[in-house]
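The values are calculated or read from the model by the stated rules, or taken from the named source; none is laboratory data. Because the structure is a prediction, the values reported are computed rather than measured. Virtual Cβ from ideal backbone geometry, glycine too; neighbours counted across all protein chains shown.
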């Protein structure tokens, strides 16, 4: 008997006929649940008394989350590619495989619905993604041959320590503590259960699974926190509904004028500024993109 340990898991993405090994943090989760429908049932001895019966014929969408360090080799750039814009009303879909010491699990038709970037000062640059798929299955054991043309991997994967460089109109954006941005897409799965198909369901293998979805709103939002100093104290109580925002992740040790390892431009954004009182005074700028028609094209630098 062998046990499966999360730290031994390997993550693969299969997209466009190609297979990509993604080196993640230990933060990998995935699951799928089944929906239970209950109904009242009369008893034989007393028709006025009822108990709850139930049926299970359909599955909810599968969920997944994982965190990826963005390295200098950029072998994980496929994750950024999958954040691309909507095409024909759909996100880019892929198959996700997680291989453990005893099993290989597969999530079919997965889509990334949320990506969080953290521009922490002198911290490892990470993107945390989450999303949904249509079906979670055990594809095979630990020796299962994952399909797709294996893409070449770099000999090393070098995590990158960065610091944020922020430009927001003409505001003084020095003394930045943190900058975070989230790109999220709301999706709603199309109704997929019906009486005819439900009558043939006997177990999880032939249950009804979701297949299509519709896109709701898509948005990029986040927050920037800076120390309050005598150079920016007048900014603590402010707002704007049409500003230009540029966020750069610059490698630690390089000048702020560097083009940056990663750059995101959002134009226009609305923001509100608020002061936070603690051992040191800080102020936070909460921002939201007001034009989300081409979010992926706003990532103008990733090198």
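For the stretch 120-132, the condition holds for no residue, the condition being that it is touching a strand residue (DSSP E or B) at 6+ places or on another chain (Cβ under 9 Å), in contact (Cβ under 8 Å) with a residue 60 or more places away in the chain, over 30 Å from residue 233 (Cα atoms) and assigned to a loop (DSSP other than H, G, I, E, B). For the stretch 5-16, the count of residues that are surrounded by 15 or more Cβ atoms within 10 Å (Cβ to Cβ), at pLDDT below 90 and under 20 Å from the mean Cα position of the chain (by Cα) is at least one. Selection over the stretch 235-266 of residues that are touching a helix residue (DSSP H, G or I) at 6+ places or on another chain (Cβ under 8 Å) and under 12 Å from residue 290 (Cα atoms) gives a count of 1.
If you check residue 281 against the conditions, is it crowded, with 20+ Cβ neighbours inside 10 Å and farther than 25 Å from residue 79 by Cα? For residue 281, the condition - crowded, with 20+ Cβ neighbours inside 10 Å and farther than 25 Å from residue 79 by Cα - is not met.
For the stretch 206-216, the condition of being under 28 Å from residue 93 (Cα atoms), crowded, with 18+ Cβ neighbours inside 10 Å and at pLDDT 90 or above holds for at least one residue.
Quick check on my filter: what residues within the stretch 144-158 are touching a residue at least 12 places away in the same chain (Cβ under 8 Å) and either surrounded by 14 or more Cβ atoms within 10 Å (Cβ to Cβ) or more than 20 Å from residue 25 (Cα to Cα) (or both)? Correct list: 144, 146, 147, 148, 149, 150, 151, 157.
In the stretch 63-94, of all residues being at pLDDT below 90 and part of a loop (DSSP other than H, G, I, E, B), the one that is nearest to the chain's Cα centre (by Cα) corresponds to 83. In the set 125, 94, 119, only one residue is in contact with a helix residue (DSSP H, G or I) (Cβ under 9 Å, 6 or more places away or on another chain), over 21 Å from residue 290 (Cα atoms) and surrounded by 19 or more Cβ atoms within 10 Å (Cβ to Cβ); that residue is 94.
The residue that is nearest to residue 77 (Cα to Cα), among those in the stretch 237-252 that are at pLDDT 90 or above and exposed (fewer than 15 other Cβ atoms within 10 Å of the Cβ), is 252. From the residues in the stretch 270-302 that are under 13 Å from residue 222 (Cβ atoms) and not in a strand (DSSP E or B), which one is farthest from the chain's Cα centre (by Cα)? The extreme case among them is 298.
Restricting attention to the stretch 236-263, the residues that are touching a strand residue (DSSP E or B) at 6+ places or on another chain (Cβ under 7 Å) and in a loop (DSSP other than H, G, I, E, B) total 8. Within the bounds of the stretch 54-62, is there any residue that is touching a strand residue (DSSP E or B) at 6+ places or on another chain (Cβ under 9 Å), over 29 Å from residue 247 (Cα atoms), surrounded by fewer than 14 Cβ atoms within 10 Å (Cβ to Cβ) and modelled with pLDDT under 95? For the stretch 54-62, residues touching a strand residue (DSSP E or B) at 6+ places or on another chain (Cβ under 9 Å), over 29 Å from residue 247 (Cα atoms), surrounded by fewer than 14 Cβ atoms within 10 Å (Cβ to Cβ) and modelled with pLDDT under 95: present. Is it fair to say residue 100 is surrounded by fewer than 20 Cβ atoms within 10 Å (Cβ to Cβ), within 21 Å of residue 153 (Cα to Cα), in contact with a helix residue (DSSP H, G or I) (Cβ under 7 Å, 6 or more places away or on another chain) and at pLDDT below 95? It is true that residue 100 is surrounded by fewer than 20 Cβ atoms within 10 Å (Cβ to Cβ), within 21 Å of residue 153 (Cα to Cα), in contact with a helix residue (DSSP H, G or I) (Cβ under 7 Å, 6 or more places away or on another chain) and at pLDDT below 95. For the stretch 19-27, the criterion of a residue being touching a strand residue (DSSP E or B) at 6+ places or on another chain (Cβ under 6 Å), more than 24 Å from residue 134 (Cα to Cα), modelled with pLDDT under 95 and not in a strand (DSSP E or B) is satisfied by at least one position. All of 225, 229, 185, 234 fail the test of being modelled with pLDDT of 90 or more and either over 25 Å from the mean Cα position of the chain (by Cα) or farther than 25 Å from residue 120 by Cβ (or both), apart from 229.
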